[in-house]
Amino acid sequence: TNKKYIGLIDYYKRISKSDKCLQILTEESALPYLLRKKNCTKYFSTWYISPPHLQIDYINNLKETKPRLILFSSREIRFMPKFNQVIKYIEKNYEFHSIYKNWTFMQIKNEK
C-alpha cells in the first residue's frame, strides 16, 4: 500500500541522513530517486546481477564504495539462489541494522 511505502521512504531517509549514496538489494529501485541520493554502485536493480560474473562485479563495487547501509530484503521478495555470491558477501561483511515493516536493513560491520 502507499502508506507502507511512504513510511519506508521516511524511515530510510531518517536512517541514511548522513549517507551520500544508497544501496538496495530489493525491488524498490526508485528509492534513490525518491530520497534524492545516488546508488552506491552502478547496479540499481538486483535483476541485473544474476549471472555469476556480474555478481563478482557487484561485490567489487560494494568493496569499493562500502555503503554503510544496504536495504537487504523484503519479506515479499525471496532471494533466488542465483544471487548466492552477493548474499554470502553481504552476510559476511554486514550485520543486522533494523527492520521497518517488511524490509530488513543491514549495516557494514564495525560501523555502529
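The values are calculated or read from the model by the stated rules, or taken from the named source; none is laboratory data. All values reported here derive from a predicted model rather than from experimental measurement. Here the Cβ positions follow ideal geometry from the backbone for every residue, glycine too, while neighbour counts run over all protein chains shown. Please note that ligands, DNA and RNA were not included when accessible areas were found on the heavy atoms of the full protein model with its side chains. Shrake-Rupley method; radii C 1.70, N 1.55, O 1.52, S 1.80 Å.
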| message | For the stretch 5-70, what does the relative contact order come out to in percent, with C-alpha contacts under 8 Å and a separation of six or more? | response | 34 percent
| Total charge dipole magnitude, the chain, about the Cα centre, Cβ charges on Lys, Arg, Asp, Glu only, Debye to nearest 20 | 300 debye
| Residue-count net charge about Leu35 - beta-carbon cut-off 13 Å; Lys, Arg +1, Asp, Glu -1 | +4
| remark: note: the chain, Cα-Cα separations exceeding 23 Å make up a percent value of 21 percent
| note | Rounded to the nearest 10 degrees, the helix 52-65 long axis (Cα) sits at an angle to the longest Cα principal axis of the chain of 60 degrees
| task | Could you work out how far helix 84-93 tilts from the main Cα principal axis of the chain, as a 0 to 90 degree angle to the nearest 10? | result | 70 degrees
| message | How much accessible area per residue does the chain have, counting only protein heavy atoms and a probe of 1.4 Å, in square angstrom? | response | 61 Å²
| task | Rounded to whole Å and ordered largest first, report the semi-axes of the equivalent ellipsoid of the stretch 3-47 derived from its Cα gyration tensor (root of 5λ). | result | 16, 13, 7
| Do the alpha carbons of any pairs in Lys42/Lys88; Lys66/Lys101; Lys3/Lys38; Lys13/Lys92; Lys42/Lys66; Lys17/Lys66 sit beyond 18 Å of each other, and which pairs? | Lys42/Lys88; Lys66/Lys101; Lys3/Lys38; Lys13/Lys92
| field | the chain: angle of helix 2-15 to the longest principal axis, Cα-based, in degrees nearest 10 | value | 70 degrees
| message | Can you show me the helix-derived [θ] at 222 nm for the chain, built from DSSP H runs with n ≥ 4 at -39,500 (n - 2.57) apiece and divided by the number of residues, rounded to the nearest 500. | response | -11500 deg cm²/dmol
